[in-house]
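Presented below is the structure to which this report refers.
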Amino acid sequence: MGEPKSKGIKKRPSSRLGGILDGYDPAKLVIATACSHSSLQIFHGARAEGIKTLGIAVGNEPKFYSAFPRARPDEFIVVDSWNEIPKLAGELRKRNAVIVPHGSFVEYLGATEFLKLNVPSFGNRKVLEWEADREKQRDWLRSAGVWVPKRFKPGEAIDRPVLVKFHGAKGGRGYFIAKNQDEFMEMEDRVQGKAVQIQEYILGTRYYLHFFHSPIKKDGYELSRGSLELLGMDRRDEANIDEMYKLGAQELLKKSGVLPTFVVTGNVPVVIRESLLPKVFDIGERVVERSYELFGGMTGPFCLETLVSDDLHITVFELSARIVAGTNVFISGSPYADFVEPGLSTGRRIAQEIKMARRMGRLPEILT
Ligand code: ATP
């Protein structure tokens, strides 16, 4: 596995908000996001905390929200395509909107446009630069002292099972497993001319850890700034790898041209054995502390995608620096969030953080 590296120099957090917040009426903040991904949870959580909500939708007001009255946004803005979101900036600012970005929001808008969007956004947008680039993300995790899968250089002998990941592939599309050098050579034509990362395939069980880092809340599991909460854990259902065994052994399937895919189709709640919780928090803490040193801190919700091997070693293979769709299984709390506050979802926790920062006059520390 890729070994952890040592740490670097501390930098101060910074804000790109300029004077935008000066024009805002803090009492009238509105939580806005794109109608997709985890928006029901975000709107539901905001409503529970008494904050107004705004859903950004494409084409029409999505009808299905009326089936969920407690999670329906107070208002919609409808655009013809996601490309129009940058044009909405003035309108959003006029409405005192704070964007709560989720995975689809960033994907639909595009990372570059999201970085430029002149509307206050929950969390530190600088994290994108470190999250979106696989090499930088790897450096971040390793320099935090966290285990990551070993990476094979082009031409390096494959001495163990590997997962070949294509850059920019969403949801593991096109990824393939090669168990040894020969199998890798058989599949080599799929790699030719493409940007790939050849990663050690870790044989273990998957735990997607949902954390929340508040730079302003001091009680609980304290960090050098603020605190760290664990609000839940899920495992993704991935088609077709998760159900492939029903058709027989992968070897035979491969001969008939059936290759595993890792497309996320849903999520299931999980808990990790309790004796692993100290390691879980240690990993979360390291990743947050290092984020301050690298780019001023990853704040708010984030997810570490991990594999736990039979020697109970935890390896982080991916990081998502915002609310993940796996938190949707915990709208009414989780076996971990319930120890913080009964019925607490990540969406609600975001709304609480905004309220707390507003009360303390510290909004610039949680918005960028
Ligand atoms: P997303 O952006 O949706 O998270 P992605 O394209 O970044 O997906 P990964 O999350 O890196 O892809 O991987 C997709 C899936 O492949 C994981 O959910 C996991 O099941 C499996 N996987 C990834 N890396 C490894 C690894 N090193 N060893 C074993 N399985 C892995």
Being in a loop (DSSP other than H, G, I, E, B), away from the ligand (no atom under 13 Å from the Cβ) and open to solvent by less than 20 Å² (accessible area, probe 1.4 Å) is the filter here, so list the residues in the stretch 273-324 that pass it. Gly296, Gly297, Met298, Thr299
Tell me, which helices (runs of 4 or more DSSP H) wholly within the stretch 113-212 include 2 or more residues that are within 24 Å of His313 (Cα to Cα) and among the charged types (D, E, K, R)? 134-143
Residue match in the stretch 175-196 (condition: away from the ligand (no atom under 16 Å from the Cβ) and touching a helix residue (DSSP H, G or I) at 6+ places or on another chain (Cβ under 7 Å)): no
Enumeration of residues in the stretch 213-238 that are open to solvent by 40 Å² or more (accessible area, probe 1.4 Å) and either closer than 19 Å to Phe302 by Cβ or assigned to a strand (DSSP E or B) (or both): Lys217, Gly220, Tyr221, Glu222, Ser224, Arg225, Arg235, Arg236, Asp237
Any idea which of (1) modelled with pLDDT of 95 or more; (2) closer than 27 Å to Ser224 by Cβ is the one Ile51 doesn't satisfy? (2)
Please go through the stretch 255-287 and pick out each residue that is closer than 20 Å to Ile323 by Cβ, of a type in the set (S, T, N, Q) and in contact (Cβ under 8 Å) with a residue 60 or more places away in the chain. Asn267
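Residue by residue, here is whether (1) open to solvent by 60 Å² or more (accessible area, probe 1.4 Å); (2) modelled with pLDDT under 95; (3) in a loop (DSSP other than H, G, I, E, B); (4) more than 30 Å from Arg138 (Cβ to Cβ) holds:
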| residue | (1), (2), (3), (4) |
| --- | --- |
| Gly8 | no, yes, yes, no |
| Leu21 | no, yes, no, yes |
| Leu40 | no, no, no, yes |
| Ala57 | no, no, no, yes |
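Rundown of residues vs (1) under 20 Å from Ile216 (Cα atoms); (2) among the hydroxyl-bearing types (Ser, Thr, Tyr), yes/no style:
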site	(1), (2)
Phe281	yes, no
Val287	yes, no
Gly297	yes, no
Glu305	no, no
His313	no, no
Arg322	yes, no
Thr327	no, yes
Phe330	no, no
Please list, ordered by first then second residue, the pairs with beta carbon atoms under 6 Å, 6 or more apart or interchain, first in the stretch 294-308 and touching a residue at least 12 places away in the same chain (Cβ under 8 Å), second open to solvent by 10 Å² or more (accessible area, probe 1.4 Å) and of a type in the set (Asp, Glu). Glu305/Glu318
Within the stretch 59-81, work out how many residues are open to solvent by less than 50 Å² (accessible area, probe 1.4 Å) and out of contact with any Cys (no Cβ under 9 Å at 6 or more places or on another chain). 5
Where a residue in the stretch 183-204 is without any contact (Cβ under 8 Å) to a residue 40 or more places away in the chain and its partner, wherever it lies, is open to solvent by less than 70 Å² (accessible area, probe 1.4 Å) and more than 9 Å from the ligand (Cβ to nearest atom), with Cβ under 6 Å and at least six apart: Phe184/Ile158; Phe184/Ala178; Met187/Phe176; Met187/Ala178; Val196/Val164
Given the structure, is Phe105 touching a Ser or Thr at 6+ places or on another chain (Cβ under 7 Å) and either of a type outside the set (S, T, N, Q) or more than 11 Å from the ligand (Cβ to nearest atom) (or both)? yes
Conditions first: (1) among the aromatic types (Phe, Trp, Tyr); (2) modelled with pLDDT of 95 or more; (3) out of contact with any helix residue (DSSP H, G or I) (no Cβ under 6 Å at 6 or more places or on another chain). Tyr208 passes all but one, so which condition is the exception? (3)
Select from the stretch 239-271 the residues that are away from the ligand (no atom under 16 Å from the Cβ) and open to solvent by less than 40 Å² (accessible area, probe 1.4 Å) and list them in ascending order. Gly248, Leu253
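The values are calculated or read from the model by the stated rules, or taken from the named source; none is laboratory data. Because the structure is a prediction, the values reported are computed rather than measured. All Cβ positions, even for glycine, are placed from backbone atoms using ideal geometry, and neighbour counts span all protein chains on display. In case anyone asks, the SASA skips ligands and DNA or RNA and just uses the protein heavy atoms, side chains included. Shrake-Rupley method; radii C 1.70, N 1.55, O 1.52, S 1.80 Å.
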